Every structure is written in structure tokens, then in C-alpha cells.
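First up is the structure itself, then whatever we jot down about it.
The values are calculated or read from the model by the stated rules, or taken from the named source; none is laboratory data. Quick caveat, the model's predicted, so the values are computed rather than measured. Every residue, glycine as well, gets a Cβ built from its backbone with ideal geometry; the counts of neighbours run over all protein chains shown. SASA here: full protein model, heavy atoms, side chains in, ligands and nucleic acids out. Shrake-Rupley method; radii C 1.70, N 1.55, O 1.52, S 1.80 Å.
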Amino acid sequence: MARQLTGLARVSVAIAMIAGAWLAGDVGPSWAHHMDDWVHDHSTAVIPARPDGLAEIQATYGPVCGNNANAGRSYWPNQSSSGSGYVYYHSFIAKNVGGNIRNHISQVHREGAVRYLVGGYNCRYIAGSTSWSLHAWGAAIDTNSATNPMGQNFWNGTGTDGKNYGTYIPDVWRGPYPGHKFFWGLNWDSRPDPMHFQYALGY
């Protein structure tokens, strides 16, 4: 009986220590032991300069609907209404999306913040036009599109688990400093597109 009480006492002390550290802010993302070896890579090899304008986009990404436009992929929770699945995108942004952004969400156990649909490469025009969408280069990814349709002028952060994550998802795509450098479609004045994150400017 004494040994059992000693064991319980040790557990109580451990729980108290963890709770105290949590309240003090000492325990956070490092809690995720399954990814202790994961490290952000903000080098220029992983986060290169964003192309600006059509000429730079073509020089960087190559032809629309080309072989490299869907050469990168990562597995996303709630990718569609059916559940998890792969999102495809250009190899130029593959390490940034798969190594930084996707793993950042997993590392802090916020898979529930990802709400379908999440989609990348799509060989199509911009809706209502005859100009190629950046999705045709694999240079853009839409996420949480079920609650963030084109034309909506705010971000709805309600995740698939019903919790409100605020701007957590956009913040992962954009930053924090030095950031992952994706441009957020919500910032377009003429046609906000809160689900849209692209790795290019001037288009």
C-alpha cells in the first residue's frame, strides 16, 4: 500500500510540474515528441525569393500545367470532405510546403485547424477569365475553402473540429518572421480570396 501511495505521489508531483511549466509557458510545441527532430528551414534554398509578375512566374515555374507543376506533394488532414489526402504543387515550393508549413501544423497538434477543401495544382483559368490561374503552375494552394470562399472579406478560422483557430492557418502560410512568404489572397482589394495562398506577386 505504501508503494502504491508513493507511486501515486510521484505521478501527482509530475503532473503538477508539467502543469506549472505549461502555465509558465515553458511547455509548448516541444510537447510533440513525435517530431522532436523537425526543424524549420528558412534558408534561401527552401524559401527563395517570390517571383513578381508574369515574366518572373514563367521563368521560375516553367510552362503552365507542366511536369514540375505537380511534382511536389504532402498528405493533409481533411484535404477533402472525404477525409485526408494528398495536395500537389510545384517542386519549387515543395520543401517550404511539405517541410515547413505542413509539419508546423502537425508539430503543434493543430490538425483540426485544417478544414476541407485543400487543393493545389489545377490546370485551369482564373474563375471568370481566360488568364491562367497560378494553380496551373502549381504555385498556389487553397485551404479551408469550405468556410472561406472567394469574395469573402474575412478569414473564418473554424476548424473541422468546430474550434475557432483565429488566423492560425494564414499565419502559418505567411509567417511568423522571417515567414514562409506566401501571399494571402484576402489582401486583394478588388476580389478578396481568403482561402488562397500563392508563392508569387504581381499576378
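Add +1 for every Lys or Arg and -1 for every Asp or Glu among the other residues with Cβ under 10 Å from the Cβ of Asp161, and state the total. Residues near Asp161 contribute +2 overall. Using a simple spin-label model with pseudo-atoms 7 Å out from Cα toward Cβ, Ser81 and Glu111 lie 2.2 nm apart. For segment 46-104 and segment 138-201, write down the distance between their C-alpha centroids in whole Å. First find each Cα centre; the distance between them is then 15 Å. Taking 7 Å steps out from each Cα toward its Cβ at Ser131 and Ser43 produces label points 3.6 nm apart. Counting protein heavy atoms only, segment 135-199 has 52 percent of its accessible area on carbon and sulfur, 1.4 angstrom probe.
Using the 1.4 Å probe convention, the accessible area of segment 46-180 works out to 45 Å² per residue with neighbouring protein chains retained. With all protein chains in place and a 1.4 Å probe, the accessible surface of segment 44-134 carries 47 percent carbon and sulfur.
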